[in-house]
Every structure is written in C-alpha cells, then in structure tokens.
1. Taking only region 204-237 into account, find how many residues are out of contact with any Pro (no Cβ under 8 Å at 6 or more places or on another chain), open to solvent by less than 40 Å² (accessible area, probe 1.4 Å) and not β-branched (Val, Ile, Thr).
2. Of the conditions (1) modelled with pLDDT of 85 or more; (2) at negative phi, Glu407 clears all except one; give me its number.
3. Within region 256-278, count every residue that is of a type outside the set (S, T, N, Q), assigned to a helix (DSSP H, G or I) and surrounded by fewer than 17 Cβ atoms within 10 Å (Cβ to Cβ).
4. When you scan region 221-228, do you find a residue that is in contact with a strand residue (DSSP E or B) (Cβ under 9 Å, 6 or more places away or on another chain), among the hydrophobic types (A, V, I, L, M, F, W, C) and more than 26 Å from Asn262 (Cα to Cα), even just one?
5. Output yes when any residue across region 300-318 is touching a strand residue (DSSP E or B) at 6+ places or on another chain (Cβ under 7 Å) and assigned to a helix (DSSP H, G or I), and no when none is.
6. Among Asp71, Asp103, which is the only one that is in a loop (DSSP other than H, G, I, E, B) and either of a type in the set (Asp, Glu) or within 18 Å of Ser41 (Cβ to Cβ) (or both)?
7. Taking interchain pairs and intrachain pairs at least six residues apart, which have beta carbon atoms under 7 angstrom, with the first residue in region 541-559 and closer than 21 Å to Thr491 by Cα and the second at pLDDT below 90?
Amino acid sequence: MFADVRLNESYELLGRLSQPMKMAERAIVGREHEKTQLLASMNRPELCNALMLAPAGSGKTSVVQATMASDPKRLYLEVDPARMISEAGNAENMAAMLKGFFDEAERFVADEGLELVLFIDEFHQIIQLSDAAVEAIKPVLAASGARGIRVIAATTYDEFHLHISANQPLVERLQRINLSPPDEETTVQILEGMAQRYDVADQFLDDHIFRLIYEYTQRYMPANAQPRKSILVLDSMVGWHRHTKRAIDKDLLADVLMESLNVNVAFRVDGTKIKRQLDSKVLSQDLATSVLARRLQLCVADLNDKTRPQASLLFAGSTGVGKSETAKQLAKLLFGDDQRHLIRMDMTEYATEDSLAAFRSELTKRVWDLSHAVLLFDEVEKAHSMVTRVLLQVLDDGRLSDDNNREVSFLNTYIVLTTNAGSEIFSTIAQYEPDDTGSGKQLLHYEKLIRRSISSTSGDNRFPPELLGRIDSIVPFQPLSLPTQQKIIKTKLRGLVQEVLVKHNVAVTIDERVLQYLIDDRSDSDSDAGGARAAVAKMTDEVTTAVALFVNEHPVERRIRIDVEGELVSDHKSLLTSDAHVVVSAMR
C-alpha cells in the first residue's frame with residue numbers, strides 16, 4: 001500500500017503507466033523450473049532481463065506472480081503498454097515517454113533503495129510502434145544491473161518472430177525463457193485448485209472429470225493453450241452448476257462443450273454397427289463400405305495416428321455411383337449430422353493458380369469454425385497443382401495457417417477426396433462383373449489395376465500422384481447395375497409420394513412404366529456416364545416438376561396419378577427415339 005501511494009504522489013509516470021503486481025488468486029503449480037530461470041536471470045550482474053515466450057493462455061503472468069512470491073526484496077510493477085501507446089499518441093512522443101518512464105524508475109530505485117521489476121506483457125506492442133521506441137529501451141536493458149531495474153518482457157512466439165527477432169541487439173539484452181503449456185498432470189492440479197477456490201470440490205469423487213476436460217480441450221480446442229482453455233471450461237461448468245444446481249459431471253461437460261464449441265462429445269460411434277449403418281444408406285457398394293468401415297475402426301478405437309487427420313480416404317469410381325452420398329452418410333455416422341458436419345469443397349472452382357489464396361482462406365475459415373467434420377474435396381483432380389500442395393500439407397501435418405496467421409488444426413477431420421480419374425477401368429470392370437449386389441469381393445482382384453489406372457491419368461483428368469501416397473485408403477465404388485439403379489429410383493419416388501402427402505395432403509399413385517421410363521429409356525446408360533445420377537436428374541426434371549406444376553394449378557385435387565404416355569424404346573428395340581413423356585392427372 002505504501003509503494004502504491006509513493007508511486008502516485010512522487011512518481012507520476014510510474015503511477016500512471018504501471019501498478020504494483022497483484023498476488024496470484026490461486027496456487028501456481030508446476031512452474032518451479034521457470035521460476036528458477038527468472039530468478040537466475042534477475043540475479044545476473046549486468047544483463048538481468050528476461051523475455052518470456054509462450055502461446056497466449058499458457059500462464060506467463062502466473063509465472064511472474066509465482067516468482068514475485070519468492071522474491072520479496074524487489075517491487076514488481078506491471079506495465080500497461082496499451083495505456084502508454086494511447087497517451088503517447090505517436091511514435092515520437094512514445095520514445096520520449098519511455099525515456100521519462102525509465103528515468104523515473106531509476107530515480108525510484110535510488111530514492112527508495114528498492115530494486116524494481118517491470119513486467120511488460122504484450123511487449124511487441126511497444127517494439128512495433130517505432131525504431132525510436134526500441135532505441136529508448138535498449139540503454140535501460142543494457143544497464144539494467146547497474147540501475148537496479150529488471151525487465152521481464154512477455155509475448156507469443158508469433159509476435160516475437162514478427163516484430164522482435166530481427167533486432168539482434170535488442171534480443172541479446174533479453175534472456176530468453178520458453179514457457180511450455182502445462183502437461184496433463186499439472187493442468188489437473190490447477191483445475192483441482194480452482195475447484196477448491198470455487199467451493200465445488202465436493203462435486204468430484206476423483207480427478208476423472210478434470211482429465212476429461214483436459215482431453216477434450218486438447219482435442220477440440222487445438223489453437224488455444226493450456227491451462228486457460230481447461231480453466232474456461234471448468235468455469236463455465238461451475239456457472240451452470242450454480243444457476244441450475246446440476247451436478248458437475250460428464251453430462252454437464254458434454255453440454256458445455258456443445259454450447260461453446262458445437263462439439264457433441266456425448267455422441268458415440270458403435271464400432272460393431274459401422275458397416276451395417278453404411279450399407280443401409282449406400283446401396284450395393286459392399287467393398288467400398290467394407291474398406292471404409294475397416295479404416296473407421298482405428299478411429300473409433302482411438303488408435304489412429306494423432307499427428308495426422310483422423311482418416312484420409314480416396315473415393316474412386318464412375319460418376320453417380322454414390323461417392324458423395326457416402327460422404328454424407330459418413331458425417332451422419334460420425335457426428336450425428338450430415339448437414340453441418342460435412343464441409344464440401346468443389347475443386348473445379350480452384351482450377352487456376354490465382355485461386356490458391358481463396359482456397360486456403362475458405363478452407364481454414366470453415367475448419368476454424370468447425371474443427372470436427374468430414375471434409376469432402378470433390379473431383380480433386382480438377383484442382384490446380386498449387387492447390388494440391390496445400391492439401392499435401394494438410395494430409396502430412398494436419399495443420400494450416402489462415403489469413404490471420406493462426407494455426408488451424410485438421411487433426412479432428414476426416415478427409416474424403418473423390419475422383420472420376422481412371423473411370424475407364426471401372427467401365428471395363430462393369431463389362432466383366434456386372435453384378436454389384438453381391439459381396440463386392442470381385443473388385444479386390446482389380447485393386448492394383450485401379451491404383452495404376454488412377455496414377456497414370458493425364459491431361460485435364462490427371463490425378464496428382466503425390467496425393468495418392470498420402471491417402472490412408474482407396475475406397476473403390478463399383479458401377480451400379482440396373483437392379484441397383486432401380487432400387488435407388490424407387491426410393492426416390494417413394495420419398496416424393498411421402499413429401500407430397502405431408503406438404504399438400506395429396507395422395508400420389510405412380511404407374512410401373514414410370515420407373516421403366518426413368519431407368520431403361522435413358523440415353524446415357526453407360527456406367528461412367530452418370531450411374532443413377534442421370535435417372536435422378538430425369539426424375540427431378542420430368543416427374544417432380546410435373547407434379548409440382550399440377551399441384552400448384554389444381555390445389556383442390558386430393559388424389560393424382562403419374563403415368564407415361566407414348567411408346568418406350570425399351571419395349572420396341574427398333575425405335576431410335578421415343579415420344580414417351582410423363583403425364584400427371586387427377587384420379588377419378
């Protein structure tokens with residue numbers, strides 16, 4: 001209190017631009033080594049200054065507070081760089097203010113006989129202002145021992161490299177101390193101490209919840225540092241507990257993470273049902289779902305490589321055979337939601353070199369917003385080679401820097417690349433193995449051919465061979481047989497009937513020839529010309545549109561039917577063209 005009064009009355013700049021450092025509100029654990037480093041630095045005879053480097057939230061201020069508690073012979077002041085800059089107004093005034101501030105600090109030491117420790121957090125804010133400001137600081141740092149002034153500067157690694165590292169004379173005057181985020185054991189001890197302070201320690205039978213907090217924040221908040229991110233989660237849980245009287249347990253932790261991060265940790269994938277769930281939504285792709293389910297078992301068991309994305313998969317096959325649909329079902333299986341948790345990037349939009357910045361920006365933004373998702377890179381062979389290099393970094397390192405130079409983690413993503421490259425091999429397979437409704441094991445015989453076909457593509461359809469080596473699994477999709485295409489269209493038609501009934505209270509009857517028209521009378525029935533996609537598109541254009549038009553024009557009708565009028569090519573092979581068309585009418 002005496003020091004505070006003396007600062008305000010006798011040392012105007014010191015009192016206005018700094019304040020005595022407050023004692024820590026909680027016990028500081030696991031920082032003995034860093035405290036020793038700081039104290040050793042401040043006891044050097046000449047250059048007794050330190051530069052603490054650590055990610056934001058790692059506890060730089062806490063380490064200084066813990067050091068202060070072990071160093072009662074010195075007065076610790078916390079300097080306010082933002083106020084300095086605000087009061088200075090410009091670079092020239094800032095240099096003069098810094099000189100006056102340090103001169104006053106030296107006078108305080110001489111008058112009071114008490115050494116000063118000046119803690120300057122966000123140190124880069126002063127350095128980046130001007131060269132004059134840097135020059136005003138250098139003499140103080142150089143003569144710190146003689147003047148009785150110790151400076152502890154603190155900043156992040158990014159800001160250090162951006163604003164400080166290039167100034168070698170400045171760096172040499174500061175003893176560098178790297179502050180690593182605390183490990184699990186230390187973080188758990190910190191959380192236990194916080195629980196005691198918050199009077200909720202009786203809510204915990206053991207340290208299980210604290211360890212879950214650490215695990216989940218490590219996994220789902222990779223860009224944030226410990227212990228701050230764990231403390232924030234516990235703080236939120238205590239807030240909910242006090243307001244609702246809910247127990248501080250796994251259920252509350254799950255709700256807090258869902259609220260703050262949109263992470264549903266309560267959702268669990270049943271490893272025994274993966275294959276069955278995929279097969280129920282993706283028709284007649286037994287080998288594809290088998291390869292996919294096998295790879296997912298690693299992720300469900302948490303035995304996958306933690307330095308890379310959860311899984312990287314190449315969905316290969318002709319267009320329209322279910323690759324994108326499988327990606328949607330994968331998102332639903334893993335996260336319970338196939339809409340928000342599926343991030344789709346159409347790689348045909350990034351075919352030029354000047355699209356690289358847009359690709360990186362869009363990708364990092366979407367993954368920063370939702371770090372746990374299925375990333376679908378559609379038609380990856382259409383992307384420019386520079387864009388492909390970005391994907392290589394994601395696949396290798398599981399991270400990428402965004403527009404703000406923040407590191408975005410891809411470690412919680414499932415990456416799916418789709419390609420039509422090498423589709424000629426699937427056409428060949430279709431000729432010899434037309435039945436896709438069996439086990440699908442026949443495609444195993446063609447695995448080497450598929451890989452060779454994909455890697456040997458050229459021209460506009462060239463698949464980047466460097467990507468092929470980074471993929472965990474190639475998931476081959478077999479061309480769809482006629483019966484499978486019929487199943488798909490039947491499902492779509494049933495969906496149309498149900499939707500019209502629910503939305504318009506209109507019962508729809510569909511003649512059998514409609515299915516024959518959509519499947520058999522298509523001109524693009526070849527396996528690599530659309531699979532079921534062309535039939536679905538034809539259904540939308542001709543059937544669904546015709547129903548919509550009729551319902552809009554006849555709102556009082558409650559029963560309608562869909563027929564095909566005219567001769568079908570499939571009934572009369574001699575016909576080169578068909579005059580068949582869809583007709584919607586009221587049932588009488």
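1. Summing the residues that are out of contact with any Pro (no Cβ under 8 Å at 6 or more places or on another chain), open to solvent by less than 40 Å² (accessible area, probe 1.4 Å) and not β-branched (Val, Ile, Thr) in region 204-237 gives 11.
2. (1)
3. Residues that pass the stated criteria total 3.
4. no
5. Checked against the condition, which is being touching a strand residue (DSSP E or B) at 6+ places or on another chain (Cβ under 7 Å) and assigned to a helix (DSSP H, G or I), region 300-318 yields no hits at all.
6. Numbers: Asp103 fails: in a loop (DSSP other than H, G, I, E, B).
So the residue among Asp71, Asp103 that is in a loop (DSSP other than H, G, I, E, B) and either of a type in the set (Asp, Glu) or within 18 Å of Ser41 (Cβ to Cβ) (or both) is Asp71.
7. Arg559/Met587
Let's see how each residue does on (1) over 25 Å from Asn224 (Cα atoms); (2) modelled with pLDDT of 85 or more; (3) not hydroxyl-bearing (Ser, Thr, Tyr):
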{"position": "Asp255", "(1), (2), (3)": "no, yes, yes"}
{"position": "Gln277", "(1), (2), (3)": "yes, yes, yes"}
{"position": "Ser290", "(1), (2), (3)": "yes, yes, no"}
{"position": "Leu334", "(1), (2), (3)": "no, yes, yes"}
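The values are calculated or read from the model by the stated rules, or taken from the named source; none is laboratory data. No experiment lies behind these values; they were computed from the predicted model shown. A quick note on method: Cβ atoms are made from the backbone with ideal geometry, for glycine too, and the neighbour counts reach across all protein chains shown. The area values use the complete protein model at the heavy-atom level, side chains included, leaving out ligands, DNA and RNA. Shrake-Rupley method; radii C 1.70, N 1.55, O 1.52, S 1.80 Å.
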